[in-house]
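This report concerns only the one structure given below.
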Amino acid sequence: MDRFRFPDDLVRAQNEWHDTYRALAVPTPRRTLLRRRLLHLSVRIEAHPFWSTSAGTPAARVELRRRAGGERRSDGAA
């Protein structure tokens, strides 16, 4: 059983944040667009109502980042 049950939209936003962050590592003329996207997603994640609940602890923030980042790494490794 999962210790943290994150809302789907929050997980999606975190996954998109990781994807956008990785895209910034590749030279592209879209850097400005990607930076703006990263900022937009950062605000969306930070302002999500989940963090106002009792489940929205610092440990939950770390776990959300770990899950979102870890899923992508294991997909790429396969």
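Quick look at the values:
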read-out	value
Residue selected from the stretch 19-28 under the condition of a type outside the set (Ser, Thr, Tyr) and without any contact (Cβ under 8 Å) to a residue 40 or more places away in the chain, by the criterion most open to solvent (accessible area, probe 1.4 Å)	Pro27
Where a residue in the stretch 29-55 is farther than 18 Å from Arg65 by Cβ and at pLDDT below 95 and its partner, wherever it lies, is outside any loop (DSSP other than H, G, I, E, B) and open to solvent by less than 80 Å² (accessible area, probe 1.4 Å), with Cβ under 9 Å and at least six apart	Arg30/Ala23
Only one of Arg31, Arg5 that is at negative phi, open to solvent by 100 Å² or more (accessible area, probe 1.4 Å) and out of contact with any Cys (no Cβ under 6 Å at 6 or more places or on another chain)	Arg5
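The values are calculated or read from the model by the stated rules, or taken from the named source; none is laboratory data. The structure displayed is predicted, hence computed values, not measured ones. Please note: Cβ atoms are built from the backbone with ideal geometry, for glycine as well, and neighbour counts cover all protein chains shown. The protein model used for the area step is the full one, side chains on, heavy atoms only, and it has no ligands, DNA or RNA in it. Shrake-Rupley method; radii C 1.70, N 1.55, O 1.52, S 1.80 Å.
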